[in-house]
Amino acid sequence: MEIPRHWRLKKQRYALQGEVCPHCEGKIFPPRDVCPHCGNEARTTFTFSGRGKVYSFTHVTEAPAGFEETAPYTVALVQLEEGPVVTAQLTDVDADEVEIGMPVEMVTRKIRSDGDERGIIIYGYKFRPVMQH
Amino acid sequence: MRDVVIAGIGQTRVGELWDISLRSLAYQAMKAARKDANGLTPDALYVGNYLAIVTSHQSNLGTLLADNAGLTGVEAFTCEAGQASGGAAFQMGYIAVASGYVDAALVVGVEKYTDAIGSEQEAALAISMDADYEAMVGLTLAAQAGLLMQRYIYQYGAPRSAFGAFPVLAHANAVNNPFAMYRRAIDQDTYEKAPPVADPLNLYDQASYADGAAAVLLTTPEKARQAGIGHPLVRVRGAGGVIDTLALHDRPDPLAFDAARYAVQRACEMGGILPGEVDLFEVDDAFSIYAVLGLEAAGFAERGEGWRLGQNGDLRLNGRLPVLTMGGSKGRGNPLGAAGVYQIVEAVQQLRGEAGANQVADARMALTLNLGGPASSAFAHVLERV
Ligand SMILES: [Zn+2]
């Protein structure tokens, strides 16, 4: 399903590719046509580091179609260190260990499977706790 | 702009109405509103609907519903703003009459949620979020509310149990509403034992999605008088519609509900009133956290303090600011794209003195607030008995 859409979004999904505004230096993710900081058009690509902190989170028990296998799962608002906030699932962490402010980093994981006979599996960003060194 | 009055109202019972079609459900409400307006014939029909294109595989509802109701030759189309579609359709009807473009407009909000089943339903609901960056990672409407609730508790230290006041109040008020889905009271203990849906959000923090249709007939005061309508008329004194970012993650301050704040401000400024002057507030309680944030955005509480209003009786029918007077979305049921029109119909019941056991004493002015998503869009209206 929706193959052109998935193809179009692959740089965002696999590499957190967003934009930096050429007018005000504002970092933008997801990409937009108009910079929310200064109102000018923003088109210069910028790849985010993938590091951030949990701004909020919730444990989803009632999942929509395509996510039944994954449920229950944790969805978070992750504030990237460059500023923007991204919605993503958390992975490699127990639900009761998640807390606001927790440092996380991006990883690529299976996001969902379209349940139809074509069986498309979609990969993309999730976030996991930063490994302690 | 001309004065606009609500000359007729109609609504169906809200629930899982398996045995009635989208078109017939809408027709019941449309017919009731026209009858209540002494049979006034509308020049236009504006439809509030969110999901029919997915759940019923049906678009062009304006034509379908007007055609089915025998309204040949009118202008008719859908106004879509997610769960604020009802508020959007009412806004369109108001503008059409106020501007002089038409003399009478019928507005119907309709949702046939149960035409879809199982996980199809959650997937259908997801279409009002950012498909590429919210729905695609498994976010749901309930999860959006869960994210806000978690952050609210963290940021302001509100007790988790405080949110129970809203569903408890909504259910208590729905007991006396013959159109409501849940006509039974619940207590705080039941609330606290409910299973999680998007923890910390539980089953009772979420209004049940359901089928329903509500309609109003808008016209000028002169036309309404000529029609010899016996019941009091309700004037639209103020209106405001505002958007925020579609995705929650794009907001610098997600708990601000800025669209709700500015919609209420505009509606009140237009009406020349302060929010505190209204006798009741039909706030949007699709999720209990949204009622809290809506109260704060409308200016009835400071940021982080809205939950306290539920604790001391202020919001009850005999309180300082009655809310959810006929049960809100939690008690009445949440017919999504129709919810905004239900709010208007219920406010009119109050302003006409027709709210039965739930009548707010001497109700003359009401405020309504209908949200799409987490206040991604917001419509506010100030209504006043003429
Ligand atoms: Zn800029």
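Each value in this text was obtained by applying a stated rule to the coordinates, not by laboratory testing. Model, not experiment: these values are computed from the prediction. In this analysis, Cβ positions are derived from the backbone assuming ideal geometry, glycine residues included, and neighbour counts consider all displayed protein chains.
Brief remarks follow.
- Amide hydrogen neighbours beyond the local backbone of A:TYR73, cut-off 5 Å, H modeled: A:VAL60
- Each other residue within a Cβ distance under 14 Å of B:MET365 adds +1 if Lys or Arg and -1 if Asp or Glu, for a net charge of 0.
- Measuring between their Cα centroids, region B:1-60 and region B:179-257 lie 16 Å from each other.
- Ordered by the count of other Cβ atoms within 10 Å of each Cβ, fewest first, B:TRP307, A:TRP7 give A:TRP7, B:TRP307.
- FRET efficiency for the pair B:SER99 and B:VAL386, taken as 1/(1 + (r/R0)^6) with r the Cβ-Cβ distance and R0 = 22 Å, rounds to 0.65.
- Computed from Cα positions, the angle between helix B:85-98 and the longest principal axis of chain B comes to roughly 40 degrees.
- All aspartates and glutamates inside 15 Å of A:LYS27 as judged from Cα atoms, apart from same-chain residues fewer than 8 positions distant: A:GLU19, A:GLU41, A:GLU81, A:GLU82, B:ASP250
- Counted charge near A:THR108, where neighbours are those whose Cβ lies closer than 10 Å (Asp, Glu -1; Lys, Arg +1): +4
- Modelled label reach - B:ASP67, point 7 Å along Cα→Cβ, region B:103-124 residues with backbone N closer than 20 Å: B:106-112
- Seen against the Cα atoms of chain B and their longest principal axis, helix B:288-297 is set at about 70 degrees.
- Taking 7 Å steps out from each Cα toward its Cβ at B:ALA131 and A:MET131 produces label points 3.8 nm apart.
- Cα-based helix-to-principal-axis angle, B:141-156 vs chain B, degrees rounded to 10: 50 degrees
- Each Lys and Arg adds +1 at its Cβ and each Asp and Glu adds -1 at its Cβ; summed about the Cα centre, region A:52-133 shows a dipole of about 240 debye.
- For a straight C-alpha distance cut-off of 19 angstrom, the lysines reachable from A:LYS126 (same-chain residues fewer than eight places away being disregarded) are A:LYS10, A:LYS11, A:LYS53, A:LYS110.
- Lysine pair count for chain B (Cα-Cα distance under 27 Å; residues 8 or more apart in sequence or on different chains): 7.
- Estimated [θ] at 222 nm from DSSP helical runs (n ≥ 4, -39500 (n - 2.57)) normalised by residues in the protein assembly as shown, nearest 500: -7500 deg cm²/dmol
- Region B:66-122 and region A:52-123 have Cα centres separated by 36 Å.
- B:ASP189-A:TYR14 pseudo-label distance in nm [points 7 Å out on the Cα-to-Cβ vector]: 5.7 nm
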